[in-house]
């Protein structure tokens with residue numbers, strides 16, 4: 001009985017040994033619904049980013065960089081939902097216990113109006129385990 005307790009304790013302790021964890025890195029599809037009360041923009045860009053400061057800098061940048069792997073750009077925006085890939089992942093212990101989860105946390109949405117003006121918003125991306133959809137209203 002004592003031997004079983006020691007063996008069980010040893011196996012359980014292995015679950016907490018640093019460096020013994022595996023990981024999963026990937027992405028998931030986030031459905032983005034974009035609306036604007038005063039009329040739809042002619043084009044929309046959505047981009048998932050990890051940090052709020054980066055999201056705000058991208059939102060405020062006049063000359064937009066080329067779209068990255070986690071962006072979608074649509075010309076002739078018709079109001080239909082867009083799909084953006086969002087990086088996510090987790091680390092787990094040898095016994096499968098999730099030690100840490102992560103995902104990109106912010107979505108930048110930039111619309112170009114028919115007259116050429118830009119409107120934009122930064123939204124928090126919800127936890128992908130709760131929902132994989134977000135609605136954004138542009139000013």
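One decimal place: the segment residue 23-residue 133 gains 37.1 nm when fully extended, by the rule 0.36 nm per residue minus the C-alpha distance. How far is the Cα center of the range 23-86 from the Cα center of the range 124-139, in Å? Answer, in whole Å: 12.
May I ask you to list the residues of the range 29-48 whose amide nitrogen lies under 14 Å from a point 7 Å from Cα along the Cα→beta-carbon direction of residue 61? Answer for the range 29-48: 45-48.
Cβ-to-Cβ counts within 10 Å put 112, 54, 84 in ascending order as 54, 112, 84, the fewest first. Its convex hull of Cα atoms gives the range 21-137 a direction-averaged projected area, equal to a quarter of the hull surface, of 7.7 nm². Cβ-to-Cβ counts within 10 Å put 124, 80 in ascending order as 80, 124, the fewest first.
For residue 95 and residue 80, the difference between the fully extended length at 0.36 nm per residue and the C-alpha to C-alpha distance is 1.1 nm.
Every number in this text was worked out from the coordinates using simple rules, so none of it is lab data. All figures in this text were calculated on a predicted structure; none of them were measured in a lab. Because the Cβ atoms are built from the backbone with ideal geometry, glycine has one as well, and the counts that use them run over all protein chains shown.
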